[in-house]
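All remarks here apply to the structure that follows.
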Amino acid sequence: MPEQTSSEPSVSAHDHSQEQAKHALLVVDVQNGVVKEAHNHAAVVANIGLLVSRARQDRVPVIWIQPSDEQLPRGTDSWQIVPDFPREH
């Protein structure tokens, strides 16, 4: 039987933290004022929630991108992240 080869580098248990540091989940614009009118809002929010939960379970950093502008003034309700997935501090 031929030996299987892979283009993926072998990662030992010692290297796992270094490999893990190469991954992160970016959550962008999941703010009340952005997603309130999104098509299939509930499904979109639920899917993002599942991704966030899985990332946290796998100890993958979750990075929240929460921009502000004239339509999303910092500190307003429309600027806030939707309450379905509170951020960890």
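Looking at the range 61-72, can you tell me whether even one residue there is of a type in the set (D, E, K, R) and closer than 11 Å to Leu25 by Cα?
No, because not a single residue in the range 61-72 is of a type in the set (D, E, K, R) and closer than 11 Å to Leu25 by Cα.
Show the residue pairs meeting these rules: Cβ distance below 8 Å; 6+ apart or different chains; first residue within the range 41-54 and over 13 Å from Pro83 (Cβ atoms); second residue of a type in the set (Gly, Ala, Ser).
Val44/Ala38
In the range 17-67, what residues are outside any helix (DSSP H, G or I), modelled with pLDDT of 90 or more and of a type in the set (A, V, I, L, M)?
Correct list: Ala24, Leu25, Leu26, Val27, Val28, Val30, Val60, Val62, Ile63, Ile65.
Could you give me the residue pairs with C-beta distances under 6 Å whose first residue belongs to the range 68-89 and is over 11 Å from Val34 (Cβ atoms), whose second residue is at pLDDT below 90 wherever it lies, and which are 6+ apart or on separate chains?
Filtered contacts from the range 68-89: no entries.
Tell me which residues, restricted to the range 39-68, are loosely packed, with under 12 Cβ neighbours inside 10 Å and in contact with a Phe, Trp or Tyr (Cβ under 9 Å, 6 or more places away or on another chain).
Correct list: Pro67 only.
What number of residues within the range 69-88 satisfy the criterion of being touching a Ser or Thr at 6+ places or on another chain (Cβ under 7 Å) and surrounded by 13 or more Cβ atoms within 10 Å (Cβ to Cβ)?
2
The values are calculated or read from the model by the stated rules, or taken from the named source; none is laboratory data. What you see is a predicted model, and the numbers here were worked out from it, not measured in a lab. Reconstructed Cβ throughout: ideal geometry from the backbone, glycine too, with neighbour counts over all protein chains shown.
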